[in-house]
Amino acid sequence: MAIIRTVRGDISPELLGVTYLHEHLIGYSLKPDGDIDLRLDSEAAAATELHHFKVAGGQAVVEMSPADYGRSPLILKRLSEATGVHIISVSGFIKGSSADPLVADKSINQIADDMIRDVCDGIDDTGIRAGLLKAGSSLDKISPNEEKIFRAVARAQKETGALISTHTEAGTMALEQIELLRSEGVASERILIGHTDRKLDWDYHVAIANTGVTLGYDQFSKEKYFPDSQRVDFISRMTKAGFGKQIAMSGDLASSSDLTSYGGGPGYTFILWRIIPWLKKKGLTPDDIKMLMIDTPKRLLSIEG
């Protein structure tokens, strides 16, 4: 029987509902000189943001802050209990620049064993289990430590059945990530490539989709990279091209200036209140929207028991 592993325990996939697949609630760089805007350390602000999300119709959030980015499973559990929003926590690492100190002295199998424990037994000594796995690469390269993490996350995936959700730096190295994970025996259907909308090249996206993985369009509102109109156009084109089942939407709001609860914006309501109506105007049907926001997250996060 399939389950989805949340910070409050396992639930039926049918209970998941409208889901953002790549967000941040509590997280921060472990480096002393880290960007202060990337420090999300207010439990009260996170609760407020989740309340806004729930009012907008949201029901579940995948919190993508891993061990090298201030992961806080106990806080996530309290937030879920306080708001009623399902939260799924992650095991793994963002990329080499933050992960190197944590993995340099470990073997692939040691890293994999740590991830397997996170999913099967619990993170640290909390008893709170992770519901998916993460690995990432640097700009235009996969460093030796990053390759080690990718191979470890693949082995953990085969042991646990959990989804692998990746970080690409500016959308680069997606095809190389896929090749590496598949070389370790991971099925394409269990891979979500993150931040593909940082590189809006049509042929590149079609090539990624043709491998069978899911593409993360998760940079909505970040117009310093591309205007949202282009993201909307790409999702519309990809859907019309037959890849609608391979698209995951989110905002990856990792900065305090991104969140209304810290005095910034646009916050967690933006996709549901602004982007979804825009996609409908571009011709996406109610079934297309349900696929994006409910069916694909349910499929990706389900773990066969």
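Just so it is clear, none of the values below were taken in a lab; they were calculated from the coordinates. Just so it is clear, the structure is predicted and the values come from calculations on it, not from any experiment. Cβ sites come from the backbone with ideal geometry, for glycine too, and all protein chains shown count toward neighbours.
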Query - 10 °C / 1.306 mPa s Stokes-Einstein diffusion coefficient of region 1-152, Kirkwood radius on C-alpha pairs, µm²/s - result: 99 µm²/s
Report task. Please build a GNM for the chain, connecting alpha carbons under 10 Å apart, and tell me which residue among Glu169, Glu23, Glu81 fluctuates the most. Result -> Glu81
Query raised in the report: Among Gly242, Gly194, Gly57, which one shows the biggest mean-square fluctuation in a GNM of the chain, springs joining Cα atoms closer than 10 Å?
Result: Gly242
Report task. Specify the inter-centroid distance of region 267-303 and region 101-178, based on alpha-carbon positions, in whole Å. Result -> 27 Å
Query raised in the report: With a sphere of radius 12 Å drawn around the Cβ of Asp113, what net charge do the other residues whose Cβ falls strictly inside it have (Lys, Arg +1; Asp, Glu -1)?
Result: -1
Report summary line: Amide H neighbours of Leu132 at under 5 Å, excluding residues fewer than 5 places away on the same chain, with H built from the backbone geometry, are Ser91
Query - Residue-count net charge about Glu184 - beta-carbon cut-off 11 Å; Lys, Arg +1, Asp, Glu -1 - result: +2
Query raised in the report: Just from its helices, what would the mean residue ellipticity at 222 nm be for the chain, if runs of 4 or more DSSP H residues each count -39500 (n - 2.57) and the sum is divided by every residue, rounded to the nearest 500 deg cm²/dmol?
Result: -10500 deg cm²/dmol
Requested in this report: State, as an integer percentage, the relative contact order of the chain based on alpha-carbon contacts under 8 Å between residues 6 or more apart.
Outcome: 21 percent
Report task. Note down the nm distance, to one decimal, between modelled labels 7 Å out along Cα→Cβ at Tyr225 and at Gln110. Result -> 3.3 nm
Requested in this report: Positive end of the charge dipole of region 2-304 (Lys, Arg +1 and Asp, Glu -1 on Cβ, about the Cα centre): tell me which of Ala241, Gly27, Ala209 has its Cα farthest that way.
Outcome: Ala241
Requested in this report: Go through Lys141/Lys199; Lys240/Lys280; Lys54/Lys95; Lys224/Lys290; Lys77/Lys148; Lys95/Lys199 and tell me which ones have a Cα-Cα distance over 23 Å in this structure.
Outcome: Lys54/Lys95; Lys224/Lys290; Lys77/Lys148
Query - Vicinal HN-Hα couplings computed from phi for region 70-83 (Karplus, 6.51 cos²θ - 1.76 cosθ + 1.60; Hz; Gly/Pro x) - result: x, 4, 9, x, 5, 5, 4, 5, 4, 4, 5, 5, 6, 9
Report task. Report the Stokes-Einstein translational diffusion coefficient (µm² s⁻¹, integer) for region 151-305, Rh taken as the Kirkwood radius over Cα pairs, at 20 °C with viscosity 1.002 mPa s. Result -> 133 µm²/s
Report task. Give, as ranges by residue number, the residues of region 273-305 whose backbone N falls under 19 Å from the point 7 Å along Cα→Cβ of Ala2. Result -> 287-305
Report task. Using every Cα-Cα pair within region 101-181, state what percent have a distance larger than 20 Å. Result -> 31 percent
Requested in this report: Average the reciprocal distances over every distinct pair of alpha-carbons in the chain, invert the result, and give the Kirkwood radius in Å.
Outcome: 18.9 Å
Query raised in the report: Can you tell which of Thr269, Thr196, Thr239 shows the greatest fluctuation in a Gaussian network model of the chain with Cα springs below 10 Å?
Result: Thr239
